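A short reminder: the numbers here are calculations on the coordinates, not readings from a lab. Bear in mind the structure is a predicted one, so any value in this text is a computation, not a measurement. With ideal geometry, Cβ positions are generated from the backbone for all residues, glycine too; neighbour counts draw on all protein chains shown.
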Amino acid sequence: MRCLAVCQSELVVRMLDEILLPSFEVEYLVESRPIVRRLHDAGINAHAADPRRTDTYLKADLTPGTCVIVEDTGRKSLKKVIDAVRDAGGTLIYVLGVGISDFRKREETLKSEFPELYYLALSELFGGPLLTEFSRSLTRLRVQQYQRFLADADRVLILLHNDPDPDALASGLALRNILRRTKQTAIIAAMQGVTRPENIRMLNLLDIHVDIVTPAQVAEYHRVAMVDVQPHYFGGTVDRVDLVIDHHPEQSGYSAVFKDIRPDYGSTSTILTEHLRAVDANISERTATAMLYAIKSDTLFFNRQANRVDIEAFSYLYPLADAAMIRKMEGAEITMERLEYVVKAKQSGRMSEQVFCAYVGHSPREDFIPYVADFYLQLENVKWTIVAGIVNDTLIMSVRNLGYTRNAGEFVRKYFSDIGSAGGHRAMAKAVVPIAAFRGKFGNLSPEAFTDRILGLALEFINEHHPSDKKLVRA
Ligand SMILES: [Mn+2]
């Protein structure tokens, strides 16, 4: 493809020449003769010409298929240049803003007169990669500091939250990799082990071992790191921590020698991908697979709190990971045991105004309840699901909705925060209430009466009209 670049500064010519050759056949038109001479000496195809004259472009054999790049340094004569290019038959016109402080405004002004031109700002083209490089070198500094600090320890404990999820497990592997340690010298551990079937499958498929530790054992380690969790989670049982890496909101009231808390990130694995990249670490297929799966599951495949950095980490890890293995791990979600609870909910559940509510009775494990709530939300015509069950004398209730109706977290807080713990986000929430406290407020209900009562509360909540949305309803 032929390209004609109308430039004023030598730097811009040299930069374009480096970028465009050899894919393009480029010719430069420059007003200043001394600059043209220097460019000539450097072997660049430049000519001195007046860019405001149409015959300049006719001489240069401009055709409608020639790509014309015009450097814009803010001069008023730019419009004359564009007019001349168009008069000579030019149609593909790119204006490259260099040192234009408000390039959006400049673009708008030009486009009002020449709607078909393309405006590119050098600062915008160049800024993203430059900032990425700068922040990577800051991250490198941080990582090297904690690598050095932890280097002399015999054994490092990498502590995860209870019932570790894919993000916690993957972060454990990633940190071990950054610390250049083995499973004998960096122990991945939790105070309560993995219970969810898909997470157990992940442990088996990727051969990850999670030690179970007591607070007393934690204290015996020379160095302690935490990933995907912060010390307050352990309720004061862990009083010394050297390194904390997490994406949950920052908690106060603890001190750590090093910490990297980024609440705007969708997963801890995203933070650790940046750490690994910053120090050019080799990422094994196993670690990449775990991390990719973690980002996918913590962001619900980019449905929940994910941003550019998560997508960036995902695309970096993707070619390093084993996609078939991830499909196997995800397949583990459906188990016979879980299907039993799906059937129970089908038999006892009730549906009204697209709200599905079910009580599944006593359950040996908590994960059956959110699983059933997620399951029924997939049905057409279901917009809310509320599934409750009893685990060890405690009522557990999972609430899900499609995300654009009223807030699920508000619902559980409104009715259950006075008798237990209740909270969550717009689309997913949970209440945990001791049975005695529940009976104290609502009475001793039969399973059918319980379902009716909760369904009634949900409909009342969903249909509560705020003054602001009344108009919407009428419209
Ligand atoms: Mn996480």
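Quick notes on this one:
- Per-residue packing, averaged as other Cβ atoms within 10 Å, sorts the ranges 11-23, 164-176, 45-57 into the order 164-176, 45-57, 11-23, beginning with the highest.
- Listed by chain and number, the lysines placed with their C-alpha closer than 19 angstrom to that of Lys414 are Lys430, Lys441; residues fewer than eight positions away on the same chain are left out.
- Computed from Cα positions, the angle between helix 368-377 and the longest principal axis of the chain comes to roughly 50 degrees.
- In terms of Cα atoms, the Rg and Dmax of region 76-148 work out to 19.4, 65 Å.
- Sequence of Ser315, Ser348, Ser398 once ranked by neighbouring C-beta atoms within 10 Å, starting from the fewest: Ser315, Ser348, Ser398
- The C-alpha radius of gyration of region 43-115, expressed as a fraction of 2.2 N^0.38 Å, stands at 1.12.
- Entries of Lys328/Lys383; Lys76/Lys111; Lys296/Lys344; Lys79/Lys105; Lys346/Lys383 with Cα pairs more than 25 Å apart: Lys328/Lys383; Lys296/Lys344
- Cα-Cα pairs of region 351-450 separated by more than 22 Å (percent): 23
- With R₀ fixed at 22 Å, the C-beta to C-beta distance from Thr63 to Ser23 puts the FRET efficiency at about 0.75.
- Here the residues Leu402, Leu130, Leu92, ranked from fewest to most Cβ neighbours within 10 Å of their Cβ, fall in the order Leu130, Leu402, Leu92.
- Taking Cα atoms only, the orientation of helix 336-348 departs from the longest principal axis of the chain by about 70 degrees.
- Computed from backbone phi, the HN-Hα couplings of region 390-403 come to 10, 10, 6, 6, 10, 8, 10, 10, 10, 10, 10, 8, 7, x Hz, rounded to whole numbers (Karplus: 6.51 cos²θ - 1.76 cosθ + 1.60, θ = phi - 60°; Gly and Pro given as x).
- Point-to-point label distance, Leu125-Asp322, nm (Cα→Cβ direction, 7 Å offset): 4.3
- In order along region 238-243, the Karplus-derived 3J(HN,Hα) couplings, from 6.51 cos²θ - 1.76 cosθ + 1.60 at θ = phi - 60°, round to 10, 9, 9, 9, 9, 9 Hz, and Gly and Pro are given as x.
- Compactness of region 207-281, taken as the C-alpha radius of gyration over 2.2 N^0.38 Å, stands at 1.16.
- Cα centre as origin, Lys/Arg/Asp/Glu Cβ charges: the chain dipole, Debye: 600
- Summed side-chain charge close to Gln347 - residues other than Gln347 whose Cβ falls under 13 Å, Lys, Arg +1, Asp, Glu -1: +1
- Within the chain, percent of DSSP bridges classed antiparallel, to nearest 5: 30
- 5 Å-binned pair-distance histogram of region 254-345 (Cα, whole percent): 3, 13, 20, 19, 15, 12, 8, 6, 3, 1, 0
- Measuring how big the chain is from its alpha-carbon positions, Rg and Dmax come out at 30.7, 94 Å.
- Cβ-based net charge around Ile261, under 13 Å, with every Lys or Arg adding one and every Asp or Glu removing one: -2
- Selection of GluC sites (Glu not before Pro), region 106-182, meeting DSSP coil and at most 10 other Cβ within 10 Å: Glu116
- D (Stokes-Einstein, µm²/s), Kirkwood Cα radius, region 244-284, 1.002 mPa s at 20 °C: 191
- Peptides 201-209, 370-378, ordered by how many other C-beta atoms sit within 10 Å of their residues on average, highest first, read 370-378, 201-209.
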